[in-house]
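The values are calculated or read from the model by the stated rules, or taken from the named source; none is laboratory data. If you're wondering where the values come from, they're calculated on a predicted model, not measured in any experiment. Heads up, the Cβs are rebuilt from the backbone with ideal geometry, glycines too, and the neighbour counts pull from every protein chain shown.
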Amino acid sequence: MRFIKLILLLFVFQGFAQQGGMWIPSLLEGMNENEMIALGSKLSATDIYDVNNSSLKDAIGHFNGGCTTEVISNQGLILTNHHCGYGQIQSHSTLENDYLKNGFWAMSFEEELPNNNLYVEFIVSIHDVTDDVLKNVTEGLTEKEKQSTITKNSNALMESWKRESWQDVKTKAFYNGNQYFLFVTERFEDVRLVGAPPTSIGKFGSDTDNWVFPRHTGDFSLFRIYADANNRPAKYSKDNKPYTPKHYLPVSLDGVEEGDFTMVFGFPGTTNEYLPAAAIHHITEEFNPTNIAIREAALKVIDAEMKTNDEVRIKYASKQARIANAWKKWIGENLGIKKSNAVEKRREFEAKFTKALKEKGLTEKYEEILPEFDRLYKEFAPINIKRRNFIEVFIVTNELMQMTFRAYQLEQAVRADKKNLEKAKASLVGRLKGIHKNYDVNVDRGVFESVMPFYNENVNVSIYDQTAFTSLENALQLLEGNPKRVIKNLNNDPAYQYAKPMIEEFFNSINAEYESKNTPISALQTKYMTALMEVLPDERYFPDANSTLRVTYGQVRGYSPRDAVYYNPVSYLDGVMEKYVPEDYEFDVPQKLIDLYNAKDFGNYADANGKVPVCFLGTNHTTGGNSGSPAIDAYGNLIGLNFDRVWEGTMSDMNYDPEICRNIMVDLRYVLFIIDKYAGAKHLIEEMTLVHPKG
């Protein structure tokens, strides 16, 4: 296999300002820096990423591995989305102290709430280690041998890499395994909840407005990082002090207008921008629809119960949001792919690739790639769908099945070695306690009855009346005794008996077949990436997202989703009041916010027209993981908080189209308005550095 060195390719400059792409911050000098300047940026590449001096990257953290956060004060105050901190807000909520419904604001350090297992990780430095990781990886090796060699090289490299005792390292593949980078990191594990608006602000519009514009959601929450006496990462301790950051972001009070430069800095999760047409067709026409149907069936049950029962609402708030988010995203993704004619355009690009093969005499070397993709995806589609349907039913939506799934894993671990019992038991007990903390058996029974028909015709609801798993106390009793007794207890449980044959089929047949058919696709994708850059070197190639630190830049822009419709790029508090429906689950508005609006008590957070901006649109290329990412202005100041994309643009994970792909950001003036005027937490405003970069 030929691995192409990509550094030079990253500096091929084209004569237009790029709006799209997720760029590695350590490689911005040259092409990217020039493009940002063309879009209005006043920042240099070293302002953004510098190993030897404080830079913007030092203010950007990975929030619990799934979102992004940014430091906004010299006392470790951090900002992220409300939906990113939702699980922590929920965990502190009770019927007596309903922080989801009423919000939470710590008025002193002492009132800030610790959170188990919550962490923020910063990037210290980034290093290209391609040659080291791919050492001795040759064309003659099998795919299994290649991966084994890469893993061995990577592990040896990480083990020998010099770093401080409190730091860690990780390697990540880029360009489908054609390039590798090593990241030196610092992880802070004492992160405390500082403030969160009520759900009626932080999740205003809920599922109806999710993934759409105009948006009026104050999707933010505040936390604080604590460190030890030496300002280093430490587990929670009452003796820890607020973290003093290497850099924090000043907050602009000048707001935005159409055409302003925007940069989103964060940890995007996963994109697949270089998939063949066959893959995009499979995902949108075959894979997504069945999973959408399963989640829709589960949500119908959960939503109905949450609307009528406050206890269920608190218990299922985080679960419902997690299930609904991908459900609606997949629907929008399918619509966007159709609207943009993405499959046909990808086939046109593939025709260009095929033509270039002939022109460069590379037909023999690469001509089999595209036909092979077509063949492999036809074989892969049925098992990929069945495997994902199992995951949706047994792990994502139904908690009784999830408990039996985890119990099966314990049984297999114990059968492999009886000495594994205590470790496996501890893991299962933790999962059972986590599930039962927010569990309602009637809701789960309804979900089971709705989703199981998508996977198996045998829908035996009576197991809910017979199983021990629906009671935490009874479930834990199943795990008492020696290995033989535990296995016997599990296999005597009616729910476990019902689920076990399907779980065995998953591990012994479905997953094995999935792996065998996915492996050649992954290998072919790596070869395709190599071929693309060799055959069409003048095309733009940014690495797909893989939860590593990235920069994406663009401008504030509205868009036209359909004929004769144009969305202005900024929404206002007026729109919140226009959508207001008293007592409605999605569109209720707190009385205090209504009073502030009626009194026009906006402080200095209104724009020149006297209106409070709530959200704005940009052309930044974002995805999951960018939730909570800072939107940064031309001078390096915080102007917004990324939290969503427009529905028609969710296809950007596979096909970024600058005409309709837009990211949605909370305007920081709305965040400040809620903190100051609504919550009365002026001490948090005073902790920040507020600036007027536009004069």
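Name the pairs: first residue in the stretch 587-599 and outside the structural domain of G218 (by TED's automatic domain parsing), second residue surrounded by 19 or more Cβ atoms within 10 Å (Cβ to Cβ), Cβ to Cβ under 8 Å, at least 6 apart or on different chains?
As it stands, the answer is none, since no pair meets every condition given.
Looking at the stretch 422-450 only, could you name the residues that are more than 24 Å from E411 (Cβ to Cβ), in a helix (DSSP H, G or I) and not charged (D, E, K, R)?
Answer for the stretch 422-450, where residues must be more than 24 Å from E411 (Cβ to Cβ), in a helix (DSSP H, G or I) and not charged (D, E, K, R): N442, V443, G446, V447, S450.
Are any of the residues in the stretch 436-458 in the same structural domain as D303 (by TED's automatic domain parsing), over 30 Å from T308 (Cβ atoms) and without any contact (Cβ under 8 Å) to a residue 60 or more places away in the chain?
Taking every residue of the stretch 436-458 in turn, at least one turns out to be in the same structural domain as D303 (by TED's automatic domain parsing), over 30 Å from T308 (Cβ atoms) and without any contact (Cβ under 8 Å) to a residue 60 or more places away in the chain.
For the stretch 436-455, give me each residue that is polar (S, T, N, Q) and either crowded, with 18+ Cβ neighbours inside 10 Å or at pLDDT below 95 (or both).
If the condition is that a residue be polar (S, T, N, Q) and either crowded, with 18+ Cβ neighbours inside 10 Å or at pLDDT below 95 (or both), then N438, S450 are the ones that fit.
From the list G61, G87, G40, exactly one residue is more than 21 Å from F261 (Cα to Cα), modelled with pLDDT of 95 or more and of a type in the set (G, A, S). Which is it?
Just a single option satisfies the conditions, and that option is G61.
Give the residue, chosen from A631, A599, that is modelled with pLDDT of 95 or more and under 25 Å from the mean Cα position of the chain (by Cα).
That would be A631, the only listed residue that is modelled with pLDDT of 95 or more and under 25 Å from the mean Cα position of the chain (by Cα).
When you check K386 against the structure, is it part of a helix (DSSP H, G or I), crowded, with 17+ Cβ neighbours inside 10 Å and within 29 Å of the chain's Cα centre (by Cα), yes or no?
yes
In the stretch 120-135, is there at least one residue being of a type outside the set (S, T, Y), surrounded by fewer than 16 Cβ atoms within 10 Å (Cβ to Cβ) and assigned to a helix (DSSP H, G or I)?
Scanning the stretch 120-135, I find at least one residue that is of a type outside the set (S, T, Y), surrounded by fewer than 16 Cβ atoms within 10 Å (Cβ to Cβ) and assigned to a helix (DSSP H, G or I), so the answer is yes.
Failed condition for L157, given (1) outside any helix (DSSP H, G or I); (2) within 30 Å of A523 (Cα to Cα); (3) of a type outside the set (S, T, Y), with all others met?
Tallying (1) outside any helix (DSSP H, G or I); (2) within 30 Å of A523 (Cα to Cα); (3) of a type outside the set (S, T, Y), L157 fails exactly one: (1).
For the condition farther than 23 Å from N482 by Cβ and in a helix (DSSP H, G or I), what is the one hit in E457, E379?
It is E379.
In the stretch 95-112, which residues are more than 27 Å from the chain's Cα centre (by Cα) and either within 20 Å of I435 (Cα to Cα) or at pLDDT below 95 (or both)?
If the condition is that a residue be more than 27 Å from the chain's Cα centre (by Cα) and either within 20 Å of I435 (Cα to Cα) or at pLDDT below 95 (or both), then L95, E96, N97 are the ones that fit.
Yes/no per residue for (1) outside any helix (DSSP H, G or I); (2) more than 18 Å from S206 (Cα to Cα); (3) at pLDDT 95 or above; (4) in the same structural domain as W23 (by TED's automatic domain parsing):
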position: T622; (1), (2), (3), (4): yes, yes, yes, yes
position: S627; (1), (2), (3), (4): yes, no, yes, yes
position: G649; (1), (2), (3), (4): no, yes, no, no
position: V666; (1), (2), (3), (4): yes, no, yes, yes
position: I674; (1), (2), (3), (4): no, yes, yes, yes
position: G680; (1), (2), (3), (4): yes, yes, yes, yes
position: G695; (1), (2), (3), (4): yes, yes, no, yes
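Sort out which residues of the stretch 629-647 are outside any strand (DSSP E or B) and touching a strand residue (DSSP E or B) at 6+ places or on another chain (Cβ under 9 Å), and write them in order of number.
Listed by number, the residues that qualify are S629, D633, A634, Y635, G636, N637, V646.
For I37, which of the numbered conditions (1) in contact (Cβ under 8 Å) with a residue 40 or more places away in the chain; (2) out of contact with any Lys or Arg (no Cβ under 7 Å at 6 or more places or on another chain); (3) not in a loop (DSSP other than H, G, I, E, B) fails to hold?
Among (1) in contact (Cβ under 8 Å) with a residue 40 or more places away in the chain; (2) out of contact with any Lys or Arg (no Cβ under 7 Å at 6 or more places or on another chain); (3) not in a loop (DSSP other than H, G, I, E, B), I37 violates only (1).
For the stretch 246-263, does any single residue satisfy the condition of being in contact with an Asp or Glu (Cβ under 6 Å, 6 or more places away or on another chain) and at positive phi?
Looking through the stretch 246-263, at least one residue is in contact with an Asp or Glu (Cβ under 6 Å, 6 or more places away or on another chain) and at positive phi.
Just to verify a result, which residue in the stretch 525-577, among those that are touching a His at 6+ places or on another chain (Cβ under 7 Å) and of a type outside the set (S, T, N, Q), is surrounded by the most Cβ atoms within 10 Å (Cβ to Cβ)?
Per the stated criteria, the residue is V576.
Sort out which residues of the stretch 598-624 are more than 20 Å from V570 (Cβ to Cβ), of a type in the set (G, A, S) and touching a Lys or Arg at 6+ places or on another chain (Cβ under 9 Å), and write them in order of number.
G624
What are the residue pairs meeting all of these: first residue in the stretch 121-145, first residue in contact (Cβ under 8 Å) with a residue 60 or more places away in the chain, second residue among the small types (G, A, S) and surrounded by fewer than 16 Cβ atoms within 10 Å (Cβ to Cβ), Cβ atoms under 9 Å, and 6 or more apart or on different chains?
E121/G65; E143/S522
Look at L357 and say whether it is part of a helix (DSSP H, G or I), over 24 Å from the mean Cα position of the chain (by Cα) and over 30 Å from E648 (Cα atoms).
Answer is yes for this residue.
For T94, work out the one condition from (1) in a helix (DSSP H, G or I); (2) surrounded by fewer than 17 Cβ atoms within 10 Å (Cβ to Cβ); (3) touching a residue at least 24 places away in the same chain (Cβ under 8 Å) it doesn't fulfil.
Going through the list (1) in a helix (DSSP H, G or I); (2) surrounded by fewer than 17 Cβ atoms within 10 Å (Cβ to Cβ); (3) touching a residue at least 24 places away in the same chain (Cβ under 8 Å), T94 breaks only (1).
So if I check each of I292, I314, I331, which one is of a type in the set (V, I, T) and in contact with a Phe, Trp or Tyr (Cβ under 7 Å, 6 or more places away or on another chain)?
When all the criteria are applied, what remains is I292.
Only residues that are modelled with pLDDT under 95, touching a helix residue (DSSP H, G or I) at 6+ places or on another chain (Cβ under 6 Å) and of a type in the set (S, T, Y): list them for the stretch 551-596, please.
Result: Y585, single match.
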